[in-house]
Amino acid sequence: MDNATALPAQLSLAIGAADAGTPAIYQWGLAVVKRVQTGDSPVVDGFMRGISFFGTDAVYLALLLLIFWCIDEKKGVRLSVTMLFSAWTNAFFKALLHQPRPFQLDPSVGKSFEPTYGIPSGHAQASLAFWTVAASWAKHGTRRALFFALAILISLVMGVSRLYLGAHFPTDLFAGWFLGGAALTCYIFFEERISNFLAKSGLRIQFIISAAASFVILLTGNTLLSGAMLGMGAGYALMLKFAPFAAKSKRGKGVKTFFILLARYIIGVAGAAILFFAFQRLIPDKNSAYHLIVYFCLPLLLGLWIYAGAPWIFLKARLAETAEKAIF
C-alpha cells in the first residue's frame, strides 16, 4: 500500500463520538450506517465480511490471472489495464480529498478497520468497473442485459457491505460508483481504438507508451501502481513479440483440459509467489531511501512474469499453443 493513501497520525484526533461539531453530511452518513446496522447479528456480520472480502485487490488479481492465462489473454490484459487505472484514480482522490471513515468519527459503528482515507470507495469503484466490463463481453441481447443487471447488483451489494461494516459513508460509495462508471465509459469508447493503435505499433512504441503511462502515475506519488503499469505494458509487449500464446488453446472438453488449465494457473501463481516472498525479504524499513525503489521493482517484475514469463513457460511446457495472430 502506498504512503499516499495511508492515514496520517494526526487524523486520529478526529476519532471520537460524533457530536454537534460534526459536519451535517457526516451526521447524515452516520445515520445511514447505523440504520443499515440495525439488523446486525453474527450471521449477518459473517455474510457482509465475506462480501467485502470478495472486493479486495487479492480476489480481483486472482480473477485477472485466471482470465489472462486460461480464458482470453486479450480480454485479460485489457481488463487488467482498466482495473489498474481504476485503482490509480481511486488512490489519487483518496490522497487528494483526505476524508475520514465512519468508524473514525463514531467508533461504535466500526466493524472493520481500514488504514486509508474514505472517499472514494475502492470496493464500490472496483466492483462496478470489473463486473460491468466483464458483462460487456456478453453477446448483444437479453443475455448481455442480464449480465449488466447482475454486475450492477453485485456492486450495490458490495456497497451495502461497506456501509454495514462502518468502513464508508454513502457519499464514499457514490464517488466510487461515479469513478467506476467513468472507467467503464473509457473502456467502451477508447479500448478498441487504443488496442488497434498498439497492435500496429512496434515493440519500441509499445515500450515507450508503457513507460510514459508509468511515469504519469509515478508523478502522483504512487510507486506501486507505477511499477505495475510498466511491468504489465512491457511484459505484454514482450509476450506478443517472443511468446504469443493463446489462452484458448488446448481447451477442449474433459478432465485433460481441466488439468492443463490448472497446471497453467499453478505454475503462474507459484512463480508470482516466489517473486513476492523473495522481495518481501528485501524490502527495507519504510524510512529507508531504498523503500520506494523496492516497491517499484516488485510490481514491475511481477508484471513481467505474469504477462511474459508465465506465457513463455506455458508454451515451452506445451500447456498452450502459439496464437495464430498476436494482437494487443
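What follows is calculated from the coordinates using simple rules that are stated; it is not laboratory data. Values in this document were obtained by computation on a predicted structure and should not be read as measured data. Methodologically, a virtual Cβ is constructed for each residue, glycine included, from the backbone with ideal geometry; neighbour enumeration extends over all protein chains shown.
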Please tell me the relative contact order of region 202-328 in percent, rounded to the nearest whole number, where contacts are Cα pairs under 8 Å and at least six residues apart. 40
Just to check, using Stokes-Einstein with a Kirkwood Rh over alpha carbon pairs, what's the diffusion coefficient of region 202-328 at 37 °C and 0.692 mPa s in µm²/s? 209
Ranked on Cβ counts within 10 Å of their own Cβ, fewest leading, PHE258, PHE174 go PHE258, PHE174
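As an exercise, use a Förster radius of 45 Å and the Cβ-Cβ distance of ILE188 and PHE258 to find the FRET efficiency, rounded to the nearest 0.05. Mind showing how you got there, number by number?
Values: r = 33 Å, r/R0 = 0.74.
It comes to 0.85.
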Taking N as the number of residues in region 31-99, the ratio of its alpha carbon radius of gyration to 2.2 N^0.38 Å works out to 1.52
How big, on average over all directions, is the shadow cast by the Cα convex hull of the chain, in nm²? 19.0
Expressed in nm², what is the orientationally averaged projection area of the convex hull enclosing the Cα positions of region 142-200? 5.4
If contacts are Cα pairs under 8 angstrom and at least 6 residues apart, what is the relative contact order of the chain in percent? 20
Multiplying the sequence separation of PHE279 and ARG143 by 0.36 nm and subtracting their Cα-Cα distance, what value in nm do you get? 44.6 nm
If the chain between ILE205 and LEU156 were fully extended at 0.36 nm per residue, the gain over the current Cα-Cα distance would be 13.6 nm
With θ set to phi - 60°, apply the Karplus curve 6.51 cos²θ - 1.76 cosθ + 1.60 along region 110-121 and write out the HN-Hα couplings as whole Hz, x wherever there is a Gly or Pro. x, 10, 8, 9, 10, x, 10, 5, x, 8, x, 6
Cα pair distances of region 25-200 binned at 10 Å [whole percent]: 10, 36, 33, 16, 5, 0
Calculated from DSSP H runs of 4 or more alone, at -39500 (n - 2.57) each and per residue, what is the 222 nm mean residue ellipticity of the chain, nearest 500? -22000 deg cm²/dmol
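Cα-Cα over 21 Å: which of LYS34/LYS94; LYS139/LYS256; LYS75/LYS241?
Over 21 Å Cα-Cα: LYS34/LYS94; LYS139/LYS256.
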Can you work out the Karplus-derived ³J(HN,Hα) for every residue in region 217-228? Use 6.51 cos²θ - 1.76 cosθ + 1.60 with θ = phi - 60°, whole Hz, and x for glycine or proline. 5, 5, 4, 8, x, 9, 5, 4, 6, 5, x, 5
